[in-house]
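Here's the structure we're looking at; comments come further down.
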Amino acid sequence: MTTLSQPASNGALATAWARVWRSRRLVERNIMVYRHQWIIILSGVFEPIFYLVGIGLGLGAIISEVPLANGQVVPYAAFVAPALVATAAMNGAVFETIFNVFFKLNYAKTYDGVLATPMGITEIALGELLWALMRATLYAVAMFVIMFFMGLILSPLGVLMIPAALLVAAAFAAAGLAGTSFLRTVNDFDVPMGLIVMPMFLFSGTFFPIEVLPSWLVSVIQLTPLYHGISLIRGLSTGIVGFEQLLSLFYLVAFFAICLWIAMRQIERRLIK
Amino acid sequence: MTTLAASGHVWQRNWLVYKRLWYRSLAFGFLQPVLFLTAMGIGIGALLSTDDLTAFGGVPYIDWLGPGLLSAMAMQTATFESTYPIMNKIMWGRNYEAMLSTPLGVRSIVIGELAWMAFRIGSLAAIFLMVLTAFGITRSPLAILAVPVAMLIGTSFAACLVAFTATQKNDVGFSAIFRFVVNPLFLFSGTFFPLTQLPDALQAIAWATPLFHGVQLVRGLVLSDLNLAAAPLHLAYLLVMLGVGVVLADRNLRRRMAG
Amino acid sequence: MSSQPSLVHARGLTKRYANGFTAVDGVDFDVRPGKAFGFLGPNGAGKTSTMRMIACSSPVTEGTLSVIGMDPRTQAREIKAKLGVVPQIDNLDTELSVRENLEMYARYFDIPREVASKRTDELLEFVQLDERAKDRVEPLSGGMKRRLTIARALINDPDLVILDEPTTGLDPQARHLLWERLYQLKRRGATLIITTHYMDEAEQLCDHLVVMDKAKIVAEGSPRQLIDDHATREVLELRFTDATRAALNGKLDGLADRIEELPDRHLLYTDNGEHTLEQVNQRQIPIESALVRRASMEDVFLRLTGRSLVE
């Protein structure tokens with residue numbers, strides 16, 4: 001690096017950091033809103049727990065054991081629980097970024113008001129992302145605690161489930177932000193929820209090993225982000241970590257980066273005319 | 001007579017809105033059972049041995065699951081339709097205010113809305129039943145009766161939820177309803193696993209909840225093994241719930257619109 | 001006049017949207033500190049697009065624009081820190097209460113919490129909403145929402161306040177209250193930029209006006225100066241029955257400096273309306289109704305564009 005470019009790049013870095021730092025204002029705003037509606041956030045904690053008890057224990061009483069890819073056998077509840085950490089992270093992030101951001105973008109025009117202040121597009125996108133991440137983290141941590149007390153974490157590596165859940169949440173928050181900017185009316189929610197989120201929830205190996213499905217379908221599933229989220233988190237919780245988990249890690253990081261880029265570009269296109 | 005004619009207008013108003021998007025609603029109504037049955041039926045079915053299946057009355061898991069999901073769909077559709085859209089007509093869009101300034105009364109609105117939901121749920125249940133038949137799950141032509149039963153499940157829930165919605169000042173309470181009522185009922189009404197797997201106390205609670213009775217009726221009709229002794233009890237439960245719901249919905253909406 | 005530096009400086013300012021529509025076509029203007037500057041014109045004249053460029057919420061297509069000595073292209077955040085913006089349609093945060101709207105907005109400007117709280121109290125009092133502080137925004141009347149938006153625009157103690165049609169859609173009482181508040185703001189030395197399609201508003205509030213029509217500036221000056229230049233002192237408005245009107249052919253000629261024929265009435269531009277009315281009566285033209293009034297911006301606009309302002 002030459003002496004000339006040094007201060008310039010420092011300046012750019014400082015500006016970028018100032019924007020990232022200012023995005024916390026939007027988190028502040030969302031906290032202010034939810035102060036009166038905390039029940040909405042809190043109730044989300046129970047969704048994965050109900051699924052864990054209902055499916056994991058209810059069906060688990062009959063199924064009892066599930067073989068993993070490497071042939072090792074685990075109790076059904078210990079198979080489902082880490083997947084529910086991933087789906088909880090996904091749901092927390094997606095609900096916030098799809099429904100709530102859509103409302104603010106299209107009906108309440110909240111961001112138009114925000115943009116008249118020193119807050120810019122970067123601050124808005126990152127602020128919403130950060131907030132969705134906080135919400136998803138709450139759900140993931142709650143699940144982690146339940147799993148711990150139910151003895152469903154089979155490996156010390158399970159501690160890493162929380163940062164992994166954060167990554168899954170970030171990836172889906174960015175995807176939700178990118179996706180919501182393409183929606184035009186409330187009827188359009190059917191498309192991301194019915195055609196993407198729900199099928200992923202059912203088919204990504206949440207409740208059963210996907211190997212029982214036809215091989216073409218398995219290949220399709222392996223392209224989706226939730227599959228990689230579950231593969232990573234289940235790997236950490238069961239202690240079976242290998243090349244596949246590393247691949248999932250890279251996939252999620254890349255998916256996050258690409259979605260965030262699309263989200264920023266789209267939000268700018270929607271708000272700046 | 002006039003109340004009925006007037007509620008026909010309420011029904012018709014919903015039809016005019018729905019007409020623009022009906023194909024979408026029916027497409028998702030078809031897609032949902034196909035996805036659920038494929039994933040849960042086949043995926044979880046593969047984890048169950050023949051021995052395990054005795055818990056499900058000896059039928060394949062997908063056959064046992066299908067009718068349960070149909071009943072749950074009726075509940076979920078009713079829940080969604082009787083929360084946000086009704087709130088919109090009460091408060092945000094003020095449609096009821098406009099309707100009530102015509103000869104229409106509150107009773108016609110309640111009956112019209114419920115008749116509309118019965119129609120919606122009936123059409124979705126019919127599609128669901130076709131999917132079940134395509135998966136080879138239905139055992140007898142009497143399975144067609146699952147459609148009116150689904151309409152009964154749906155309207156029973158809808159009536160109670162309209163009564164709830166009419167008391168709400170904002171939509172915050174809805175997420176509590178979804179999370180703490182609908183979701184647990186979805187999971188613990190003998191939809192995904194037999195209640196016999198639960199501790200006795202929980203079984204007793206499940207017996208007291210409405211979706212359980214709906215699931216028993218629909219599963220009996222679809223799999224052609226209806227318990228004729230218990231069936232009148234299940235039916236009576238849902239009819240009483242519908243009756244109480246209608247009375248409460250009428251009362252609460254009347255108070256809301258007057259105040 | 002040009003000794004003071006201008007707060008907003010525009011030369012050849014142009015806004016073209018992605019669909020090719022030119023909303024603002026090469027306009028020049030300067031806004032002086034401490035003055036109220038008005039953009040007058042009908043809907044679609046390009047007023048809002050100009051305002052949005054000044055507020056850094058819409059990129060400049062061509063030309064020069066400097067706001068508070070800075071370039072909106074590169075220093076948008078710095079400019080916005082010193083602006084107060086009242087958009088044409090209120091975009092208050094409907095999920096927050098009246099008070100929270102102001103406090104949260106202050107936070108976007110990095111104003112410390114204690115300062116924000118104090119300023120919120122003052123502003124709520126200033127716009128007479130202190131009794132509604134805890135209420136949600138939705139149930140407020142149009143005039144109250146507008147006042148809250150104005151209070152919100154003042155939260156950062158701005159150097160320049162931009163108001164896009166501040167009183168459109170309000171009842172007369174609410175309008176007068178708003179005018180009174182804006183007048184006080186001006187007296188405190190704030191610089192205001194206001195768009196309006198109401199003549200009375202422009203006359204009441206603005207020191208300097210530009211009249212816009214079809215993306216261009218068609219006239220500029222103080223309200224009095226524009227009236228002097230483009231109208232007479234008084235206007236005589238005459239209404240006739242349809243039959244009289246059909247048989248008028250030239251009977252009014254020579255009675256006034258200029259005569260405008262509108263669909264429902266005739267406007268006679270003259271320095272003495274009563275005198276002209278006497279002359280009309282002397283010619284024995286049957287009148288349905290007559291009105292003598294002072295010339296206004298409406299007349300200026302009619303003169304400049306051949307159309308009336310609010311259609």
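The values are calculated or read from the model by the stated rules, or taken from the named source; none is laboratory data. Treat the numbers as computed from the prediction; the structure is a model and nothing was measured. Reconstructed Cβ throughout: ideal geometry from the backbone, glycine too, with neighbour counts over all protein chains shown.
If we keep just the residues of the stretch B:1-34 that are more than 11 Å from every other protein chain (Cβ to nearest Cβ) and in a loop (DSSP other than H, G, I, E, B), which is surrounded by the fewest Cβ atoms within 10 Å (Cβ to Cβ)? Among residues in the stretch B:1-34 that are more than 11 Å from every other protein chain (Cβ to nearest Cβ) and in a loop (DSSP other than H, G, I, E, B), the one surrounded by the fewest Cβ atoms within 10 Å (Cβ to Cβ) is B:M1.
C:E201 meets the conditions (1) under 22 Å from C:A55 (Cβ atoms); (2) within 11 Å of another protein chain (Cβ to nearest Cβ); (3) in contact (Cβ under 8 Å) with a residue 12 or more places away in the chain in every case but one. The failed one is (2). Evaluate the following for A:L130: is it part of a helix (DSSP H, G or I), away from every other protein chain (no Cβ under 13 Å), of a type outside the set (G, A, S) and farther than 22 Å from A:V186 by Cα? Answer is yes for this residue. Exactly one residue out of B:N183, B:N170 is free of Cβ contacts under 8 Å to residues at least 12 places away in the same chain and not in a helix (DSSP H, G or I): that is B:N170. Out of the residues in the stretch B:47-75 that are buried (at least 21 other Cβ atoms within 10 Å of the Cβ) and of a type outside the set (A, V, I, L, M), which is farthest from B:L37 (Cα to Cα)? Step by step, filter the stretch B:47-75, then rank; the result is B:S71. Is one or more of the residues making up the stretch C:20-39 buried (at least 23 other Cβ atoms within 10 Å of the Cβ), assigned to a loop (DSSP other than H, G, I, E, B) and touching a strand residue (DSSP E or B) at 6+ places or on another chain (Cβ under 8 Å)? There is no residue in the stretch C:20-39 that is buried (at least 23 other Cβ atoms within 10 Å of the Cβ), assigned to a loop (DSSP other than H, G, I, E, B) and touching a strand residue (DSSP E or B) at 6+ places or on another chain (Cβ under 8 Å). Taking first residues from the stretch A:216-240 that are closer than 14 Å to A:G158 by Cβ and partners that are among the β-branched types (V, I, T) and buried (at least 24 other Cβ atoms within 10 Å of the Cβ), the Cβ contacts under 6 Å between residues at least 6 apart in sequence or on separate chains come to A:I233/A:V85. For the stretch A:224-235, the condition holds for at least one residue, the condition being that it is within 18 Å of B:G43 (Cβ to Cβ) and surrounded by fewer than 21 Cβ atoms within 10 Å (Cβ to Cβ). Kindly establish whether A:L84 is within 14 Å of chain B (Cβ to nearest Cβ), crowded, with 24+ Cβ neighbours inside 10 Å, assigned to a helix (DSSP H, G or I) and touching a Pro at 6+ places or on another chain (Cβ under 8 Å). Yes; evaluated as a whole, the condition is true for this residue. Is it the case that some residue within the stretch C:183-199 is in a helix (DSSP H, G or I) and closer than 24 Å to C:R303 by Cα? Yes, the stretch C:183-199 contains at least one residue that is in a helix (DSSP H, G or I) and closer than 24 Å to C:R303 by Cα.
The single condition among (1) hydrophobic (A, V, I, L, M, F, W, C); (2) within 19 Å of the chain's Cα centre (by Cα); (3) away from every other protein chain (no Cβ under 12 Å); (4) not in a loop (DSSP other than H, G, I, E, B) that C:A45 does not satisfy is (4).
Tallying residues that are assigned to a helix (DSSP H, G or I) and within 11 Å of chain A (Cβ to nearest Cβ) within the stretch B:35-63 yields 17.
Report whether or not C:P166 is in a loop (DSSP other than H, G, I, E, B) and in contact with a Gly (Cβ under 6 Å, 6 or more places away or on another chain). Answer is no for this residue. For the stretch A:50-75, filtering for residues that are within 11 Å of chain B (Cβ to nearest Cβ) and at positive phi leaves 1. Tallying residues that are surrounded by 19 or more Cβ atoms within 10 Å (Cβ to Cβ) and over 26 Å from A:A169 (Cα atoms) within the stretch A:53-73 yields 6. For the stretch C:102-118, a tally of residues being within 11 Å of another protein chain (Cβ to nearest Cβ) and at negative phi returns 9. Exactly one residue among B:G190, B:G136 is facing chain A (nearest Cβ under 10 Å) and out of contact with any strand residue (DSSP E or B) (no Cβ under 9 Å at 6 or more places or on another chain), and that residue is B:G190.
Against the test of being surrounded by 14 or more Cβ atoms within 10 Å (Cβ to Cβ) and under 22 Å from C:V210 (Cβ atoms), the options C:V280, C:V300 yield a single qualifying residue, C:V300. The single residue among C:R73, C:R99 that is in the same structural domain as C:T167 (by TED's automatic domain parsing) and at pLDDT 95 or above turns out to be C:R99. Name the single residue that is modelled with the highest pLDDT among those in the stretch C:31-49 being farther than 11 Å from C:I194 by Cα and of a type in the set (S, T, N, Q). Across the stretch C:31-49, the extreme among qualifying residues is C:S49. For the stretch C:80-101, the count of residues that are part of a loop (DSSP other than H, G, I, E, B), away from every other protein chain (no Cβ under 13 Å) and buried (at least 18 other Cβ atoms within 10 Å of the Cβ) is zero. Just the residues that are surrounded by fewer than 22 Cβ atoms within 10 Å (Cβ to Cβ) and of a type in the set (D, E), please, taken from the stretch C:148-166. Residues satisfying the conditions are C:D157, C:D159, C:D164.
If you go through the stretch A:13-32 and keep only what is within 19 Å of C:R113 (Cα to Cα) and polar (S, T, N, Q), you end up with A:S23, A:N30. The set of residues from the stretch C:18-50 being farther than 11 Å from C:I217 by Cα and among the aromatic types (F, W, Y) comprises C:F21, C:F37. In a loop (DSSP other than H, G, I, E, B) and either surrounded by 14 or more Cβ atoms within 10 Å (Cβ to Cβ) or more than 13 Å from every other protein chain (Cβ to nearest Cβ) (or both): does that describe A:A78? Taking the combined requirement at face value, the residue does not satisfy it. A:V141 meets each of the listed conditions (1) touching a residue at least 60 places away in the same chain (Cβ under 8 Å); (2) surrounded by fewer than 23 Cβ atoms within 10 Å (Cβ to Cβ); (3) under 22 Å from A:F201 (Cβ atoms) apart from (1). For C:D213, the test of being in the same structural domain as C:F29 (by TED's automatic domain parsing) and acidic (D, E) is passed. In the stretch A:203-213 there is at least one residue matching the filter, namely being within 10 Å of another protein chain (Cβ to nearest Cβ), of a type outside the set (D, E, K, R) and free of Cβ contacts under 8 Å to residues at least 12 places away in the same chain. Residues in the stretch A:29-40 that are surrounded by fewer than 17 Cβ atoms within 10 Å (Cβ to Cβ) and over 12 Å from C:L96 (Cβ atoms) were compared, and the one that is farthest from the other protein chains (Cβ to nearest Cβ) is A:W38.
B:F212 meets the conditions (1) away from chain A (no Cβ under 14 Å); (2) out of contact with any His (no Cβ under 8 Å at 6 or more places or on another chain); (3) in a helix (DSSP H, G or I) in every case but one. The failed one is (1). Of everything listed in (1) within 14 Å of chain A (Cβ to nearest Cβ); (2) crowded, with 18+ Cβ neighbours inside 10 Å, the single unmet condition for C:E138 is (2).
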